Amino acid sequence: MTTANTSVGPAPGRLFIHDTMSGQKRLFEPLHAADSGDGATVGMYVCGMTVYDYCHIGHGRVMVAFDVITRHLRALGYQLKYVRNITDVDDKILKRAAENGEDPVALTDRFIDAMHQDERALGVLPPDAEPRATSHIGGIIKLIQRLISQHAAYHADNGDVYFSIEAFPEYGKLNRRKIEESVAGARVEVNEAKRHPADFVLWKAVSESDAGSSGAPPLSWESPWGQGRPGWHIECSAMSFDELGESFDIHGGGPDLKFPHHENEIAQSECASGKQFANFWMHAGAVRVNKEKMSKSLGNFFTIREILEKYQPEVLRFFLVSSHYRSAIDYSEQGLAEARQGLDRLYQALRDASGQEGAKAEVLDEDLVAAFDAAMNDDFNTAGAVAVLFTAAKELNKRIRTAEPPGEQLATLKALGSRLGLLEQDPEAYFLWSPKTADSALGEDEIEQLIEQRKQAKLAGDYAESDRVRDHLLARGVKLRDTRDGTSWQRVEPSGPIKD
């Protein structure tokens, strides 16, 4: 195999991205050519969370998917500005705050902090900009005024301001729906004040009765149309305009945002600017739980922090990365267990090689880097990229068995893993992790005593007892590994009921 110097990043390749708008993979060509030798500039806007609760596994899927996309775009040499917004004014926020007897701003600040904790745990790099809707009220009002002046929006009798979908003949093009087929979607109420049932709100009027005994209505602002707050869809158009301009390269989000949110963003943005809003539309796949739609009513709703009570964060990230970002993913205990086993194999290869002579190297395996890039340049095919990691681990294990210097393969596995946000821990630290809920975790002295007990059972030919001790340790979160040099152990997720 040929080698490449580690100081040189992968050369820009022909990156193809699946565009939701066209329904096809298209060659990615940035809207703005390189201003210097540093690479072309790219703008990417991803719809973030509405912060009224803890992030769930579906949020984690979007976080990790676009984190990997960010890493690869930068690895290809693009000067990326990644923007992911925060929706911190919304009816759901006000409802939850009222239920809690909590100030809405205090509630959103609390859940923003929790969201950042979840991101850090999953190894998600922070976006370059993280605008909050409440910090862009001025821009939102100006954009609504612009639409009214163009007769694309109107101030209704009930005090609300609505966008008129009939002002945008292409309405429905993202989802391939005709106006006649479109109905009011999530967060849009049908009422008699609208000129068309599918018109959506840009500004929600509030009255003194909304304020209760506290004075001014919560999360409301003065506007040309009276006291009120912005609708959900206009927030993202205004924030993306402010951060990236009226036309940019990539707009992304979760699968549930295609309609009506992204459809409405396109309509109001392109009406206002007369330009194409985004060059590419990208949507992560849905997350199901044991093949059912995730729902609190079904009792299969899992927050990221609940999962991380039982599983190491990198295991969850590996589970998410192992599937293509556009594919539906089925969350299950079995799936996480399989992800842990796969990640164990990669870290085991790193651990076995770390103490070997010739473990350091300044070059990477060029063939493996090329295979990795080919997978990632095919619409960020992380499943294919992960397969390359296992090939690198196989080559590394072969070097160890044949006493060849493992440096090149070790460096390659680490470098390619890092580009997926993986394999950045010390192997020993990875294997020492134990679940926070493992109240039955064994101490090191207990583990060594049981290993000795198993050893004596094997010497006596009592293999049933030997197997019982092995199974007992695994049930308590300790996995044994027998080698010619003896028995080593590592902490893993407890396998189930303890066998006595």
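The values are calculated or read from the model by the stated rules, or taken from the named source; none is laboratory data. Everything numeric here is computed off the predicted structure, so don't read it as measured data. Note that we place each Cβ from the backbone using ideal geometry, even for glycine, and neighbour counts take in every protein chain shown. Accessible surface areas use protein heavy atoms only, side chains included; no ligands, DNA or RNA. Shrake-Rupley method; radii C 1.70, N 1.55, O 1.52, S 1.80 Å.
Scanning the range 283-321 for residues that are closer than 24 Å to HIS18 by Cβ, within 13 Å of the chain's Cα centre (by Cα) and in contact (Cβ under 8 Å) with a residue 60 or more places away in the chain yields HIS283, ALA284, GLY285, ALA286, VAL287, ARG317, PHE318, LEU320, VAL321.
What do you reckon, is GLY48 in a loop (DSSP other than H, G, I, E, B), of a type outside the set (Phe, Trp, Tyr), under 19 Å from LEU122 (Cα atoms) and at pLDDT 95 or above? Yes, satisfied. For the range 56-89, a residue qualifies if it is closer than 14 Å to ASP118 by Cα and open to solvent by 10 Å² or more (accessible area, probe 1.4 Å), and the qualifying residues are HIS56, GLY58, HIS59, VAL62. For residues that are of a type in the set (A, V, I, L, M), buried (at least 17 other Cβ atoms within 10 Å of the Cβ) and under 22 Å from the mean Cα position of the chain (by Cα), tally how many sit in the range 368-426. Summing the residues that are of a type in the set (A, V, I, L, M), buried (at least 17 other Cβ atoms within 10 Å of the Cβ) and under 22 Å from the mean Cα position of the chain (by Cα) in the range 368-426 gives 11. When VAL478 is tested against (1) farther than 15 Å from LEU350 by Cβ; (2) modelled with pLDDT of 80 or more; (3) open to solvent by 30 Å² or more (accessible area, probe 1.4 Å), only condition (3) is not met.
Taken as a whole, the range 133-144 holds no residue that is open to solvent by less than 60 Å² (accessible area, probe 1.4 Å), more than 23 Å from VAL83 (Cβ to Cβ) and not polar (S, T, N, Q). Residues of the range 99-112 that are of a type in the set (A, V, I, L, M, F, W, C) and either surrounded by 13 or more Cβ atoms within 10 Å (Cβ to Cβ) or in contact with a Lys or Arg (Cβ under 8 Å, 6 or more places away or on another chain) (or both): VAL105, LEU107, PHE111, ILE112. Residues in the range 264-322 that are among the aromatic types (Phe, Trp, Tyr) and modelled with pLDDT under 95: PHE301, PHE302, TYR311. Take the conditions (1) open to solvent by less than 30 Å² (accessible area, probe 1.4 Å); (2) under 22 Å from HIS136 (Cα atoms); (3) of a type in the set (A, V, I, L, M, F, W, C); (4) at pLDDT below 95; ALA198 misses just one of them, which is (2). Say we look at the range 448-475 and pick out the residues that are within 20 Å of SER434 (Cβ to Cβ) and among the charged types (D, E, K, R); which of these is least open to solvent (accessible area, probe 1.4 Å)? Taking the candidates together, the pick is ASP471.
Among VAL68, VAL51, VAL83, which is the only one that is in contact with a strand residue (DSSP E or B) (Cβ under 7 Å, 6 or more places away or on another chain) and over 16 Å from PHE111 (Cα atoms)? So that I can check it myself, show each step before the final result.
Values: VAL68 fails: in contact with a strand residue (DSSP E or B) (Cβ under 7 Å, 6 or more places away or on another chain); VAL51 fails: over 16 Å from PHE111 (Cα atoms).
After ruling out the rest, the residue left standing is VAL83.
Just one of the listed residues (ALA98, ALA75, ALA121) is farther than 29 Å from GLY245 by Cα, of a type outside the set (Val, Ile, Thr) and touching a residue at least 60 places away in the same chain (Cβ under 8 Å), namely ALA121.
Restricting attention to the range 450-462, does a residue exist that is part of a helix (DSSP H, G or I), without any contact (Cβ under 8 Å) to a residue 40 or more places away in the chain and closer than 19 Å to TYR347 by Cβ?
Initial filter on the range 450-462 (part of a helix (DSSP H, G or I)): 450-459.
Cutting the leftovers down to without any contact (Cβ under 8 Å) to a residue 40 or more places away in the chain gives us 450-459.
Narrowing further to those that are closer than 19 Å to TYR347 by Cβ: none.
No; the residues of the range 450-462 include none that is part of a helix (DSSP H, G or I), without any contact (Cβ under 8 Å) to a residue 40 or more places away in the chain and closer than 19 Å to TYR347 by Cβ.
Just one of (1) modelled with pLDDT under 95; (2) outside any loop (DSSP other than H, G, I, E, B) fails for SER36. It is (2). Considering the range 233-244 alone, what residues qualify as being out of contact with any strand residue (DSSP E or B) (no Cβ under 7 Å at 6 or more places or on another chain), open to solvent by 10 Å² or more (accessible area, probe 1.4 Å) and more than 19 Å from SER149 (Cα to Cα)? Matches in the range 233-244: ASP242 only.
Every condition in (1) out of contact with any helix residue (DSSP H, G or I) (no Cβ under 7 Å at 6 or more places or on another chain); (2) modelled with pLDDT of 95 or more; (3) over 23 Å from SER323 (Cβ atoms) is met by THR87 except one, and the failing one is (1).
All conditions but one from (1) part of a helix (DSSP H, G or I); (2) open to solvent by 10 Å² or more (accessible area, probe 1.4 Å); (3) of a type in the set (A, V, I, L, M) apply to LEU350; the one that does not is (2).
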